[in-house]
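The values are calculated or read from the model by the stated rules, or taken from the named source; none is laboratory data. A quick note: this is a predicted structure, and the numbers were derived from the prediction, not measured. In this analysis, Cβ positions are derived from the backbone assuming ideal geometry, glycine residues included, and neighbour counts consider all displayed protein chains. Accessible surface is based on the protein model in full, side chains and every heavy atom, while ligands, DNA and RNA are left aside. Shrake-Rupley method; radii C 1.70, N 1.55, O 1.52, S 1.80 Å.
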Amino acid sequence: MTSSQLRPGLEVPRIEVTPGGRASRKEGGAPRGRLELVDVRYRPPSGPGMILDGITLRCDPGEFVVVVGPSGCGKTSLLHIAAGMVKPTSGRAMLDGREIGGPGPDRAMVFQEHALFPWLTAAENVGFGLKMLGVPAGEREGRVAEALRMVSLSSAGARLVHELSGGMRQRVAIARALVLEPAVLLMDEPFASLDAQTRTLLHEQLQRVWWETRHTCLFVTHSVGEAVRLADRILVMSAHPGRIRKEIPVPIPHPRPMDSPELGELGHIVRLEIQEEVTRVNAEVEAMVGRPAMG
Amino acid sequence: MSTPKWKPWSAAPRWARRAQLIAVWVAVVLAWEGAYRVVGWRPWIFPAPSHVLDATLGMLNVRTGFGEPLHGAWPGPPGAPGAGSRSIVGSPLVVALGVSGARLAVGFGASMILGLVVGIGLWRSAFLNSLLGPLFLGLQTLPSVCWVPLAVLILGINERGILFVLVMGSAFSMAIAMRDGLRSLPPIYRAAGRMMGARGWRLYVHVLLPASLPALVGMLRQGFSFAWRSLLGAELILMTQRRGVGFLLSAGREFADVAQVVAVMGVMVAVGMVVDRWVFAVVEQRVRTRFGLVAAR
């Protein structure tokens with residue numbers, strides 16, 4: 001591959017899209033991956049106030065839901081509750097009808113950055129979860145290779161984390177989540193620290209991988225462009241306290257070309273709605289407290 | 001800005017810097033020896049390098065006579081075991097290094113395990129940390145030989161007494177270092193580990209300990225120098241059947257052999273430096289390289 005030799009971060013994704021994803025692969029049985037939050041409130045034990053105030057949302061199996069909102073609106077808390085890393089103060093979080101008790105490999109998370117283990121190679125990072133689950137080494141190898149192939153990093157398995165570019169690291173992080181065959185994929189602004197070009201490539205790649213595997217995805221970002229490119233449905237959040245203000249479906253079929261004018265247009269509309277929302281909330285808060293709220 | 005005429009010393013090639021350093025040290029030693037020969041310093045008060053060399057080789061059963069004899073048995077060490085033996089392997093210094101090395105291996109090993117476990121405890125439990133953290137920090141101000149009287153009274157003048165002093169002198173600092181190492185871990189590793197199903201002891205073995213490896217190596221490095229110092233102090237005071245390096249120092253004092261005293265001190269520093277630079281520094285460099293904390297050479 002000459003492209004990867006030139007510049008590893010800008011490797012051209014080569015993914016063969018196989019029709020029919022995980023939903024059809026699991027023959028019989030109901031498709032899994034229905035994530036539900038019901039009237040979730042969250043006030044951190046030491047924090048000043050309510051971070052999340054009555055969040056209700058549902059991700060259907062195979063659906064890609066993106067939560068957009070300003071920084072500090074509780075997006076990450078929302079994700080941590082879904083992951084089971086944080087217990088909500090009240091309300092229920094459920095996966096396929098069962099209460100979420102703690103973190104586990106059925107809800108794999110892709111973190112913002114720097115969450116790969118620097119003492120392991122890329123392949124060992126991807127295989128880590130399988131090792132913890134007790135998958136024998138032989139089977140592990142095959143599944144790791146498959147996951148690395150999905151993010152087109154087959155040749156980078158032996159590299160250490162610090163030998164990978166930022167974009168490659170996040171692809172390894174995605175592979176590390178995918179290999180667990182989770183019911184839900186949770187993503188916490190995974191591309192926030194990347195440059196715009198790399199981010200576009202990764203959007204395209206994530207889109208293809210998702211199309212291939214059809215995981216339920218809950219993706220959190222502050223970038224409207226990102227939301228519009230990836231989402232089946234966009235949830236707009238406001239801050240102080242965190243609430244879901246609006247639900248915007250994105251009725252453009254997948255896989256989407258990243259430069260389509262439709263996306264740009266929709267992005268414009270969503271941006272306007274968010275702007276309106278922010279202004280309105282600010283005015284509300286100002287009226288209540290008598291000072292401008294943080295935007 | 002004008003370019004400076006001189007280059008910083010660190011910009012010189014490695015061999016040139018090495019050569020300069022060695023030249024300076026050689027000059028210092030020659031001046032010292034010269035002062036003794038020309039001015040006529042009294043060697044039984046302050047020995048010349050030639051005496052120290054004689055004494056060092058004497059402890060290895062190699063008889064030399066670079067300086068004038070200081071006492072009847074010169075240059076053989078007075079009061080040392082193995083006087084009958086003539087081989088290097090059976091010489092006082094080699095035997096003493098073996099004895100001290102064995103004690104160090106056992107004591108440092110115990111102290112490492114203790115430091116690791118207690119350090120994890122302090123990190124896990126805020127209660128334990130508030131209870132014991134300040135005490136441990138306070139105990140670090142205590143010179144390790146201050147444990148000797150307690151060791152003598154409780155355990156007696158024996159191996160266990162020496163090991164007690166060694167462990168007390170190094171375990172607390174390692175526990176504190178371990179705690180601080182774990183504290184500085186990014187919480188995201190823990191979250192990622194738990195997300196991938198690592199729980200309980202597996203979270204420690206597979207995530208938290210490897211993640212704190214850079215801190216852990218630093219802890220061991222510091223702990224080793226604490227352990228070595230404590231051991232020598234204990235050996236200096238506790239005269240047991242088996243005689244370590246500290247004993248040789250004490251014997252040199254008993255027989256007023258100042259050359260042996262300086263020679264043994266030199267050996268103590270050399271052992272500490274060699275282990276630090278050729279064991280711990282190498283391991284630390286390798287860990288830091290793997291973690292990408294330094295550019296690989």
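The C-beta contact set for region A:248-266 (first residue modelled with pLDDT under 80, second residue open to solvent by 30 Å² or more (accessible area, probe 1.4 Å) and among the hydrophobic types (A, V, I, L, M, F, W, C), distance under 7 angstrom, 6+ apart or interchain) comprises A:254/A:211; A:255/A:211.
If only residues of region B:81-133 that are hydroxyl-bearing (Ser, Thr, Tyr) and farther than 29 Å from residue B:238 by Cβ are counted, the one that is surrounded by the fewest Cβ atoms within 10 Å (Cβ to Cβ) is B:130.
Out of A:194, A:186, I need the residue that is within 14 Å of another protein chain (Cβ to nearest Cβ), closer than 28 Å to residue A:277 by Cα and not charged (D, E, K, R). Which one?
Checking each option against the conditions leaves just A:186.
Across region B:3-31, which residue is nearest to residue B:259 (Cα to Cα) among those that are open to solvent by 100 Å² or more (accessible area, probe 1.4 Å), modelled with pLDDT under 80 and of a type outside the set (A, V, I, L, M, F, W, C)? Ranking the candidates gives B:7 first. Of all residues in region B:32-52, those being free of Cβ contacts under 8 Å to residues at least 60 places away in the same chain and open to solvent by 60 Å² or more (accessible area, probe 1.4 Å) number 6. Restricting B:281, B:234, B:259 to residues that are away from chain A (no Cβ under 14 Å), farther than 22 Å from residue B:173 by Cβ and assigned to a helix (DSSP H, G or I) narrows the list to B:259. Examine region B:177-193 for a residue that is under 29 Å from residue B:100 (Cβ atoms), touching a residue at least 60 places away in the same chain (Cβ under 8 Å) and open to solvent by 30 Å² or more (accessible area, probe 1.4 Å), and state whether such a residue exists. No: region B:177-193 contains no residue that is under 29 Å from residue B:100 (Cβ atoms), touching a residue at least 60 places away in the same chain (Cβ under 8 Å) and open to solvent by 30 Å² or more (accessible area, probe 1.4 Å).
Could you grab me the full set of residues in region A:156-171 that are in contact with a Ser or Thr (Cβ under 7 Å, 6 or more places away or on another chain) and touching a residue at least 40 places away in the same chain (Cβ under 8 Å)? Reasoning before the result, please.
Taking region A:156-171 and keeping what is in contact with a Ser or Thr (Cβ under 7 Å, 6 or more places away or on another chain), we get A:157-160, A:166-167.
If the condition is that a residue be in contact with a Ser or Thr (Cβ under 7 Å, 6 or more places away or on another chain) and touching a residue at least 40 places away in the same chain (Cβ under 8 Å), then A:160, A:166, A:167 are the ones that fit.
Screening residue A:289 with (1) surrounded by fewer than 12 Cβ atoms within 10 Å (Cβ to Cβ); (2) modelled with pLDDT of 75 or more gives one miss only, at (2). Within region A:133-146, the set of residues being among the small types (Gly, Ala, Ser) and more than 13 Å from every other protein chain (Cβ to nearest Cβ) comprises A:137, A:138, A:142, A:145.
Residue-by-condition table, conditions (1) farther than 16 Å from residue A:56 by Cα; (2) in a strand (DSSP E or B); (3) open to solvent by less than 40 Å² (accessible area, probe 1.4 Å):
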site: A:208; (1), (2), (3): yes, no, no
site: A:226; (1), (2), (3): yes, no, yes
site: A:234; (1), (2), (3): no, yes, yes
site: A:244; (1), (2), (3): no, yes, no
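Count of region A:141-166 residues, restricted to those that are open to solvent by less than 20 Å² (accessible area, probe 1.4 Å) and in contact with a Pro (Cβ under 9 Å, 6 or more places away or on another chain), is 5. Looking only at residues in region B:251-285 that are open to solvent by 70 Å² or more (accessible area, probe 1.4 Å) and farther than 14 Å from residue B:221 by Cα, the one that is nearest to the chain's Cα centre (by Cα) is B:269. If you go through region A:89-111 and pick out every residue that is surrounded by 15 or more Cβ atoms within 10 Å (Cβ to Cβ) and either more than 8 Å from every other protein chain (Cβ to nearest Cβ) or touching a Phe, Trp or Tyr at 6+ places or on another chain (Cβ under 8 Å) (or both), you end up with 9.
Screening residue B:256 on (1) out of contact with any helix residue (DSSP H, G or I) (no Cβ under 8 Å at 6 or more places or on another chain); (2) at negative phi shows it passes everything except condition (2).
Filter region B:177-201 for residues that are assigned to a loop (DSSP other than H, G, I, E, B) and either in contact with a His (Cβ under 9 Å, 6 or more places away or on another chain) or at the interface with chain A (Cβ under 7 Å from one of its Cβ atoms) (or both) and give the result. Result: B:186, B:196, B:197, B:198.
Checked against (1) farther than 14 Å from residue B:93 by Cβ; (2) open to solvent by less than 30 Å² (accessible area, probe 1.4 Å); (3) part of a helix (DSSP H, G or I), residue B:240 passes all but condition (3).
Figure legend. Inter-residue proximity from region B:115-130: first residues within 22 Å of residue B:222 (Cβ to Cβ), second residues open to solvent by 40 Å² or more (accessible area, probe 1.4 Å) and in a helix (DSSP H, G or I), beta-carbon distance below 7 Å, spacing 6+ or different chains. Indicated pairs: B:121/B:128; B:122/B:128; B:122/B:132; B:123/B:183. Being open to solvent by less than 30 Å² (accessible area, probe 1.4 Å), in a loop (DSSP other than H, G, I, E, B) and at the interface with another protein chain (Cβ under 10 Å from one of its Cβ atoms) is a property that residue A:130 lacks. All of A:169, A:176 fail the test of being open to solvent by less than 60 Å² (accessible area, probe 1.4 Å), out of contact with any Phe, Trp or Tyr (no Cβ under 6 Å at 6 or more places or on another chain), under 26 Å from residue A:221 (Cα atoms) and basic (Lys, Arg), apart from A:176. Contact map, region B:198-210: residues that are closer than 18 Å to residue A:127 by Cα paired with residues that are assigned to a loop (DSSP other than H, G, I, E, B) and open to solvent by 40 Å² or more (accessible area, probe 1.4 Å), Cβ distance under 7 Å, separation 6+ or inter-chain. No pairs are found.
Within region B:148-163, if we keep just the residues that are in a helix (DSSP H, G or I) and in contact (Cβ under 8 Å) with a residue 40 or more places away in the chain, the residue that is nearest to residue B:121 (Cα to Cα) turns out to be B:163.
Scan region A:243-272 for residues that are in contact with a helix residue (DSSP H, G or I) (Cβ under 7 Å, 6 or more places away or on another chain) and within 26 Å of residue A:174 (Cβ to Cβ) and jot them down.
First pass over region A:243-272, keeping only residues in contact with a helix residue (DSSP H, G or I) (Cβ under 7 Å, 6 or more places away or on another chain): A:245-246, A:248, A:250, A:252, A:254-256, A:258, A:263, A:266-267, A:270-271.
Those that are in contact with a helix residue (DSSP H, G or I) (Cβ under 7 Å, 6 or more places away or on another chain) and within 26 Å of residue A:174 (Cβ to Cβ): A:248, A:250, A:252, A:254, A:255, A:256, A:258, A:263, A:266, A:267, A:270.
Within region B:186-200, the set of residues being at pLDDT 90 or above and over 14 Å from residue A:109 (Cα atoms) is empty.
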